[in-house]
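Q: Would you mind keeping the following structure in view while I ask a few things?
The values are calculated or read from the model by the stated rules, or taken from the named source; none is laboratory data. Quick caveat, the model's predicted, so the values are computed rather than measured. The protein model used for the area step is the full one, side chains on, heavy atoms only, and it has no ligands, DNA or RNA in it. Shrake-Rupley method; radii C 1.70, N 1.55, O 1.52, S 1.80 Å.
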Amino acid sequence: MTRSHKLFMEYEYTTRSSLVHSLDFPVAKFHFEPSQMKVFINQSKSSSRFFRNVRAIIGIVTTVVGILHVIMYNMMRAKASDRESELVGV
C-alpha cells in the first residue's frame with residue numbers, strides 16, 4: 001500500500017547462477033534467498049469491538065476498585081483493633 005492508500009501488487013523473482021567445475025562427478029547447487037516482505041492487515045472497526053473494549057475497561061476499573069476497597073477495609077480494621085487493645089491494656 002502506498003502513502004496515498006493505493007493498493008498495488010508486486011512480485012519479485014531473482015536468480016543468480018554460477019558455474020562449478022568438478023572433474024570427478026557432476027555437481028548441482030541450489031540456493032534460495034527469500035526477499036523481505038511486509039504484510040499489512042487493515043480491519044474496519046465495528047461497533048461491537050468498541051463495546052467490547054468499553055466492557056473490558058469497566059471490568060478493569062471494577063477489579064481495581066474492589067482490590068483497593070479490601071486493602072482499605074483491612075487497614076481500618078487493623079487500626080480499630082490496635083485502639084481497642086490499647087484501651088483494654090490501660
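Q: Would you pick out the residues in the stretch 52-90 that are open to solvent by 100 Å² or more (accessible area, probe 1.4 Å), assigned to a helix (DSSP H, G or I) and modelled with pLDDT under 90?
A: 79, 83, 84, 86, 87, 88, listed by residue number.
Q: Among the residues of the stretch 41-48, are any modelled with pLDDT of 75 or more and in a loop (DSSP other than H, G, I, E, B)?
A: yes
Q: At pLDDT 70 or above and polar (S, T, N, Q): does that describe residue 4?
A: yes
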